[in-house]
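Structure first, then comments.
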Amino acid sequence: MALFGFIDSGIGGLTILEAVQSALPKSQFVYLADHQYAPYGNKTNAWLIQRLHLLCDYIISQHSPDAIVIACNTASTATLDYLRTTFDLPIIGVVPAIKQAAERSPNNKIGLLATPGTCQGHYSEKLITDFANEHLVIKVGTTTLVDMAEKKLQGEAVDMSILKDVIQPFIEHHCSHVVLGCTHFPHLRQELEQLAGEINWIDSASAIAKRCRFILDQHRFTSNHQSTESIYLSTAPLPDQIDAILQPYQFSRCHHVTRLDNYATTY
Ligand code: DGL
């Protein structure tokens with residue numbers, strides 16, 4: 001049985017975890033939500049590298065995962081190269097599905113809905129140059145929807161007029177496909193489809209599930225993990241509704257992780 005570590009700034013990575021859990025039902029998961037420093041979307045690359053190094057260090061030293069999924073587009077686009085050269089285990093990144101959107105668009109008009117960091121970063125620019133250079137690509141960078149998704153899971157109603165304003169550029173430019181380039185945003189899929197059903201909203205969850213299966217088949221991990229449970233770790237105190245939020249993801253325990261800095265190595 002393999003153990004996957006998952007890291008995100010909050011509940012966004014759960015949209016990826018759900019797909020991986022159903023593709024690999026015998027695997028275990030340690031999900032680390034960095035609620036203390038969310039959102040990531042307005043942090044610098046240097047900050048993200050330092051923070052993700054610390055989080056990977058923690059998860060590796062405490063849980064010995066076979067592989068780590070950086071279940072966050074913002075962190076993946078800013079840190080993947082660094083993490084892969086620093087840590088000696090498979091690191092799976094989640095990056096905007098520009099290629100899929102470009103291939104599927106019948107009118108060559110696509111959108112990227114992501115955090116400001118992901119929208120402005122070199123990684124996304126390169127994806128656009130490599131796979132969508134003949135397309136009109138409308139980019140919308142927002143941290144508002146990250147907060148909206150977090151609050152929705154805690155039971156707050158989604159403000160549809162704010163959401164409509166955010167996605168208006170895609171509607172105006174007749175984008176056929178819009179990439180949900182932030183793992184928080186599939187939590188808002190129902191509302192997005194309600195507001196703009198003519199747009200195909202694309203996320204990376206099934207691609208990452210396939211990638212995890214491939215990594216599992218390729219590596220045939222032999223490590224023997226003592227426990228068979230999946231756990232949710234948060235760097236901030238857990239909200240009252242945490243059980244209801246996490247119930248669909250089969251976590252058997254949730255913890256507030258304190259003193260993460262104790263696990264830092266030198267970098
Ligand atoms: N869920 C993350 C992403 O995919 C980060 C959102 C944030 O913290 O700004 O980009």
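A few remarks follow.
- Per residue, the convex hull spanned by the alpha carbons of the stretch 120-267 comes to 191 Å³.
- In the stretch 98-203, Rg over Rh equals 0.96, where Rg is the alpha-carbon radius of gyration and Rh the Kirkwood radius from pairwise Cα distances.
- Taking the accessible area of the chain, probe 1.4 Å, and keeping the other protein chains in place, the carbon and sulfur fraction comes to 47%.
- Scaling the Cα radius of gyration of the stretch 1-107 by the globular reference 2.2 N^0.38 Å produces a ratio of 1.09.
- Counting every pair of alpha carbons in the chain, the share spaced more than 35 Å apart comes to 13 percent.
- Extended-chain gain in nm, criterion 0.36 nm per residue less alpha-carbon gap, Gln36 and Ser252: 75.6 nm
- Probing with 1.4 Å while keeping every protein chain in the model, the per residue accessible area of the chain equals 46 Å².
- The alpha-carbon of Lys26 sits under 24 angstrom from the alpha-carbons of these lysines, leaving out residues fewer than 8 places away in its chain: Lys210.
- Area accessible to solvent at Lys164, 1.4 Å probe radius, in Å²: 80
- Most positive-pole-ward Cα, Leu153, Ser124, Gly12, against dipole of the chain from beta carbon charges: Ser124
- Spatially close Lys pairs in the stretch 98-203, defined by Cα atoms under 15 Å apart and a spacing of eight or more places or different chains, total 5.
The values are calculated or read from the model by the stated rules, or taken from the named source; none is laboratory data. Everything numeric in this text was worked out from a predicted model, so none of it was measured. Every residue, glycine among them, receives a Cβ derived from its backbone with ideal geometry; neighbour counts consider all protein chains shown. Keep in mind that these areas ignore ligands, DNA and RNA; they rest on the heavy atoms of the full protein, side chains included. Shrake-Rupley method; radii C 1.70, N 1.55, O 1.52, S 1.80 Å.
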